[in-house]
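Notes follow the structure.
Since every read-out is calculated from the coordinates, none of them should be taken as a lab result. Computed from a predicted structure; not experimentally measured. Please note: Cβ atoms are built from the backbone with ideal geometry, for glycine as well, and neighbour counts cover all protein chains shown.
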Amino acid sequence: MVVVGAGMAGVQSAVALREQGWTGRVTLIGAEPHQPYDRPPLSKAVLLGKADGSAFDIDFEALGIELRLGLEVRGVRSSAHEIDTASGPVPYDVLVIATGAEPIMLPGSEGVPGVHLLRTLDDAARLRPVLDEQHDVVVVGAGWIGAEFATAAREAGCAVTVVEAADRPLAGTVPAEVAVPMAQWYAESGARLLTGARVARIEPGQVVLDDGTRIAAGAVVVGIGARPATAWLAESDIERGPDGAVVADDRLGTSLPDVYAVGDCASFPSRRYGERLLVHHWDNALQGPRTVAANIIGETPQSYDPIPYFWSEQFGRFVQYAGHHASADTTVWRGDPSGAAWSVCWLREGALVALLTVARPRDLAQGRKLIGSGAPLDPQRAADPSIPLKSATL
């Protein structure tokens, strides 16, 4: 058994195989030299110097999992059942692809001094002095990672300007009516948010927008999205979609026999939502490996059809999201979005398909169960924040 990728999805795949009874060899290959680690703390405790790292608390030796770290993987030769690496071929009987996602670079910014990403432990280590020295920071992109970094930078006392090309934050994630109240959080925190603003170029000490505006920048952090880290599969026979993701089936198997794909690098068909999903979130990397292990080891095939879930801590708020709202036909608000705690629910043909909550964890917990059950909701009762969501069913 060979698992390529030593992030959450890869580590959990290796562990799940052992937990479910795999007795053969397990080799876990990672591109980074560090002991495998969790990523969410990078934009929080690690970035702010409250923790030195976030290594998984797993005894790989005791589990009989061989770690091969700092090893670049270059391709798959399916006919020979082997992986091509910088140190030579690695044979496999079964292969799990879990290489995650890689950040999208701002055109023209690669190699420019003072420009940073926030994806790896090394990225966080390079950014800690920026916060310690309270540089003026420009964040390019008002998505989840941009908001989380802006939060940390403000907490550290930096002056922060966030530049977003769209007309609102989280433009590719939530509808405008949901994003608009969230835009106010930037100003409340002391960060400046510029929407409809595009970066023309980055010069020493400043960011130049396409309208000629110049913004002082002791450091620039780019958070404009991520794509599946699958370029190394370009010469293989493994099918990838237009988004670059490995095309997995409902069992997380790929177009090649004995090859599976899980986590941020793979899309899968969702029966619940009637479309193929590509989920770049921690919970997917945690849940998918259990299905992969079960389908490798077990005699009864298991389908993977999760309720997507993620969370974000930003500007003093805990935001959670569950489901997939693209096919919703009704939006129901619970509470005042200008207040400290509120939720928004998306319904399709009367049933809850997704919800976003701000400081309302009970709504999230109950909502996930309602999405799973498909029970119809009474929109009027669901709109009353004093009524438990579970009590709004018809």
Could you run the Karplus curve 6.51 cos²θ - 1.76 cosθ + 1.60 with θ = phi - 60° over the range 241-254 and give me ³J(HN,Hα) per residue in whole Hz, x for Gly and Pro? x, x, 7, x, 6, 5, 7, 9, 8, 5, 9, 6, x, 9
By per-residue mean of other Cβ atoms within 10 Å, what is the highest-first order of 173-179, 271-277? 173-179, 271-277
How high is the relative contact order of the range 10-96, given as a whole-number percent (alpha carbon pairs under 8 Å, six or more residues apart)? 27
Candidates Leu63, Leu355, Leu377, ranked by Gaussian network fluctuation over the chain, Cα under 10 Å, top entry: Leu63
Of Ala219, Ala62, Ala45, the one that fluctuates the most in a GNM where the chain has Cα springs shorter than 10 Å: Ala62
In terms of modelled amide H atoms, which long-range or inter-chain residues lie less than 5 Å from the amide H of Gln206? Ala217
Expected vector for the range 255-269, Karplus 3J(HN,Hα) from phi with 6.51, -1.76, 1.60 and θ = phi - 60°, integer Hz, x for Gly and Pro, equals 6, 10, x, 6, 10, 10, 9, 8, x, 5, 8, 10, 9, 8, x
What percent does the relative contact order of the range 316-392 come to when contacts are Cα pairs within less than 8 Å and at least six residues apart? 30
For the chain, size of Cβ-based charge dipole, Lys and Arg +1, Asp and Glu -1, in debye: 800
Per-residue Cβ neighbour rank within 10 angstrom, fewest leading, Asp38, Asp93: Asp93, Asp38
Kindly provide the helix-only [θ] at 222 nm of the chain, computed as the sum of -39,500 (n - 2.57) over DSSP H runs of four or more divided by all residues, to the nearest 500 deg cm²/dmol? -6500 deg cm²/dmol
For each of Thr300, Thr291, count neighbouring Cβ atoms within 10 Å of the residue's Cβ, then give the residues from fewest to most. Thr300, Thr291
Long-range HN-HN contacts of Ser270 with modeled amide H, under 5 Å: Glu275, Arg276, Leu277
What is the fewest-to-most order of Met105, Met182 by other Cβ atoms lying within 10 Å of their Cβ? Met105, Met182
